[in-house]
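To keep things clear, I will list the structure first and then write my remarks on it.
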Amino acid sequence: MSVRSARAEALTPLHPSATLVGAGGFKRVAKHSVVPNTDGNAVIHGDNLDVLKAIASDFHQQVRCIYIDPPYNNGENFLHYDDKQAHSKWMEHIRLRLPLLRDLLTADGSLWISIDDREVHYMRLMAEEVFGRDNFVTTIVWNHRKSRENRKVFSNNHEYILCIARDIKAFKKARNLLPASNEMLARYNNHDDDPRGPWQSVSANVQDGHATASQFYSITGPTGKVFNPPRGRCWVYNKAKMNEQIALGNIYFGKKGDGSPRIKKFLSVAKMGMAPQSLWTADEVGTTETAKRHVLSVTCGLDVFDTPKPEQLVDRIIHIATDPGDLVLDAYLGSGTTGAVAIKTGRRFIGIEAGDHAVTHCCSRLRQACGGERGGVSEAVGWTGGGGFEFFRAV
Ligand SMILES: C[S@@+](CC[C@H](N)C(=O)[O-])C[C@H]1O[C@@H](n2cnc3c(N)ncnc32)[C@H](O)[C@@H]1O
């Protein structure tokens, strides 16, 4: 289903006869016509309230991940949009849109919201009102700047990303793990030539706060040495399971067999992935500054867009929340980051942007993404170009 087919009357191309020809295969856009080879991707120029209402029925429960990066209401006037509203007006703006966003999500879908310190708690309350408290997943802290702002009382170097599921049980089952980092993989070796491959040893004891009586017992190692859990701790398994793991060769007693027992964790299992953590560092996912430089390089000659997100950050969200082919929506597209990442990672997308930069910044950036632009996440995801999108204006 495409946006065009959903709302042929409501959405018309910006330039009915314009040719959006890019190396990635943009086609001539004719009024209300179906444009092939765009994978259903769409940039929609208009107020997201109107657009969300317009697509509500056709895209009901079709979107696997929604990322929004709305104005934070932090009192600034950016070149491309105003970020200074009365608190009550800002709340009303968000409140009107959250139910529309929720209804677009699939059963295992999730909403991810960028926000900073000023309104984060209000945002969370409003989101929980609409999604239900039980569906709140987590608050991610993103270290968005490395430099220090000495003129301020506190130099803020982090923002938040709230993650809320349509249905937390379905989301938990469906969400993806993150690939293990090279640093983590380097901790694995195979000094005992285990035929199961490289491994690392991890503690076999845990804090005894939630322990049951079955986790307190003595273990006799291969040399006859007896081990008890350290004070305040218990064994991770009960005795029967520990004996089974020893028999399977999954417990390591050190090179000479006389060390405290540890669990062998194999690389083959670790490679399946790691649960995402709630702290996202600048080195992992970039900063506002790196994102600005990237956007500038793909929109050369245009005004600097002040508040873009790094592609690495949006890529991580999309990776956790979706699989290739899934539909992603960004209702505050800004400079087009979500669209670019979706194109590069084989997801479909709908991006909505009210400002004229929907035309200037988003289109030129996405044209370049389709043409195989090399910045952002391109190298990491092996992007060489392809795809396309349609451009609509809400009327
Ligand atoms: C913080 S920026 C988003 C930046 C984006 N994540 C990026 O990486 O470039 C917020 C954007 O929301 C847009 N916006 C604000 N109100 C809107 C509305 N009612 N409908 C659509 N877009 C809106 C602004 O024009 C601005 O571009």
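Keeping all protein chains in position, work out how much accessible area residue 303 exposes to a 1.4 Å probe, and write it in Å² to the nearest 10.
My reading of the accessible area for residue 303 is about 90 Å².
Give the peptides 368-375, 200-207 in descending order of average Cβ contacts within 10 Å, highest first.
Descending packing order for the listed peptides: 368-375, 200-207.
Provide the percentage of antiparallel DSSP beta bridges, counting only those with both residues in the chain; round to the nearest 5.
Percentage antiparallel, nearest 5: 60.
Using a Gaussian network model of the chain whose springs link C-alpha atoms within less than 10 Å, name the residue from 166, 231, 347 with the highest mean-square fluctuation.
Answer for the Gaussian network model of the chain: 231.
For the chain, what is the mean residue ellipticity at 222 nm derived from helices alone (per DSSP H run of n ≥ 4: -39500 (n - 2.57); sum divided by total residues; nearest 500 deg cm²/dmol)?
-8000 deg cm²/dmol
Might you report the magnitude of the Cβ-based charge dipole of the chain about its Cα centre, with Lys and Arg at +1 and Asp and Glu at -1, to the nearest 20 debye?
Dipole of the chain, to the nearest 20 debye: 1080 debye.
Measure off, as a whole percent, the carbon and sulfur share of the 1.4 Å-probe accessible area of the range 188-270, all protein chains present.
So the carbon and sulfur contribution to the accessible surface is 52 percent.
Return the single residue from 225, 271, 173 with maximal mean-square fluctuation; model: Gaussian network over the chain, springs between Cα atoms under 10 Å.
In this elastic network of the chain, the residue with the biggest mean-square fluctuation among 225, 271, 173 is 225.
Show which lysines lie in cross-link reach of residue 241 when reach means a straight Cα distance below 19 angstrom and same-chain residues fewer than eight apart are skipped.
Partners within reach: 264, 265.
Run the numbers on the range 165-230 and let me know its relative contact order in percent, using alpha-carbon pairs under 8 Å that are six or more apart.
16 percent
In Å², and per residue, what accessible area does the range 116-256 have when probed at 1.4 Å with the other protein chains present?
64 Å²
With a 10 Å radius around each residue's Cβ, average the other Cβ atoms per peptide and rank 385-392, 288-295, highest first.
Taking the mean over residues of other Cβ atoms within 10 Å, the ranking is 385-392, 288-295.
Averaged across orientations, what area in nm² does the convex hull of the alpha carbons in the range 48-145 project?
7.0 nm²
Reported to two decimal places, what Rg/Rh ratio describes the chain when computed on Cα atoms with Rh from the Kirkwood expression?
Ratio of gyration radius to Kirkwood radius: 1.07.
Taking a ≥ b ≥ c as the square roots of the eigenvalues of the Cα gyration tensor of the range 112-197, is the shape rounded (a/c under 1.5), prolate (a/b larger than b/c) or oblate?
oblate
Spin-label point model (7 Å from Cα, Cβ direction): what's the residue 151 to residue 214 distance in nm?
Taking the two extended label points, one gets 6.3 nm.
Rounded to the nearest 0.05, what FRET efficiency is calculated for residue 173 and residue 76 with R0 set to 51 Å and r the Cβ-Cβ distance?
The pair residue 173/residue 76 has a calculated efficiency of 0.80.
Taking 0.36 nm per residue of separation and subtracting the Cα-Cα distance, what length does fully extending residue 87 through residue 189 add?
31.2 nm
Considering the chain as a Gaussian network with a 10 Å cut-off on Cα pairs, which listed residue, 212, 281, 360, attains the greatest mean-square fluctuation?
Among 212, 281, 360, the largest GNM mean-square fluctuation belongs to 212.
Counting only heavy atoms of protein chains, what accessible area per residue, in Å², does the range 259-350 have with a probe of 1.4 Å?
That works out to 37 Å² per residue.
Calculate the radius of gyration of the Cα atoms of the range 188-270 to one decimal place, then report Dmax, the largest Cα-Cα distance, as a whole number, both in Å.
Reported Rg and Dmax, both Å: 12.9, 36.
Cβ neighbours within 10 Å, averaged per peptide: list 317-329, 52-64, 127-139 in order, most packed at the top.
Those peptides, ordered most packed to least, come out 317-329, 52-64, 127-139.
For the charge dipole of the chain, defined by +1 on Lys and Arg C-beta atoms and -1 on Asp and Glu C-beta atoms about the Cα centroid, which residue among 186, 343, 238 has the Cα displaced farthest towards the positive pole?
238
Can you give me the relative contact order of the chain as a percent, contacts being Cα pairs under 8 Å and 6 or more apart?
Relative contact order here is 25 percent.
In the neighborhood of residue 326, defined by Cβ-to-Cβ distances under 11 Å, what is the net charge if each Lys or Arg adds +1 and each Asp or Glu adds -1?
+1
The values are calculated or read from the model by the stated rules, or taken from the named source; none is laboratory data. For clarity, every value in this text was computed on a predicted model and none was experimentally measured. Methodologically, a virtual Cβ is constructed for each residue, glycine included, from the backbone with ideal geometry; neighbour enumeration extends over all protein chains shown. The area values use the complete protein model at the heavy-atom level, side chains included, leaving out ligands, DNA and RNA. Shrake-Rupley method; radii C 1.70, N 1.55, O 1.52, S 1.80 Å.
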